[in-house]
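What follows is a single structure, written as structure tokens, with notes after it.
The values are calculated or read from the model by the stated rules, or taken from the named source; none is laboratory data. Worth saying up front: this structure is predicted, and the values here are computed from it rather than measured. Note: ideal-geometry Cβ built from the backbone for every residue, glycine included; neighbour counts use all protein chains shown.
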Amino acid sequence: MNAGEKKVVARMISIYCRSMHGSGKQLCDECNALLTYASQRLERCPYGEEKPTCASCPIHCYKSDMRQKIKEVMRTAGPPMLFLHPIDAVKHFYKERQRDRHFAAKIKSTPKN
């Protein structure tokens with residue numbers, strides 16, 4: 001799986017944890033569990049390198065409570081990510097947009113039975 005995606009998720013969770021839980025360099029237990037869970041989900045994604053963003057994916061592989069938590073993390077950490085890790089953030093947004101467009105085109109071209 002794409003190591004870049006894992007890096008971005010790890011950075012976002014780290015930003016969130018520092019902001020919401022006052023942690024230093026170490027993640028709190030809750031955020032560490034979320035990072036482990038998110039990494040496992042990324043590794044097991046059936047779409048592999050062609051995975052769409054989770055928001056546009058027809059398969060929801062996160063449990064609903066974890067899905068809500070990762071959404072909260074992204075809402076909280078997204079804006080600071082642009083300032084703290086601008087290159088990673090821009091690359092991530094660009095890749096996500098490209099993958100979503102590719103995935104949407106692939107779905108449209110699939111014949112329906």
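A few points about this structure:
- The residues of the range 42-77 that are basic (Lys, Arg) and either over 14 Å from Met12 (Cβ atoms) or touching an Asp or Glu at 6+ places or on another chain (Cβ under 7 Å) (or both), listed by number, are Arg44, Lys51, Lys63, Arg67.
- Helices (runs of 4 or more DSSP H) within the range 1-106 that include 3 or more residues touching a residue at least 60 places away in the same chain (Cβ under 8 Å): 3-21, 64-84
- Checked against the criterion of being under 19 Å from Gly4 (Cβ atoms), in contact with a Pro (Cβ under 6 Å, 6 or more places away or on another chain) and either of a type in the set (A, V, I, L, M, F, W, C) or at pLDDT 85 or above (or both), the range 34-44 contains not a single residue that satisfies it.
- Scanning the range 39-71 for residues that are loosely packed, with under 13 Cβ neighbours inside 10 Å and of a type outside the set (S, T, N, Q) yields Glu43, Arg44, Pro46, Gly48, Glu49, Glu50, Ala55, Pro58, Ile59, His60, Lys63, Asp65.
- The set of residues in the range 75-113 that are modelled with pLDDT under 80 and of a type in the set (A, V, I, L, M) comprises Ala104, Ala105, Ile107.
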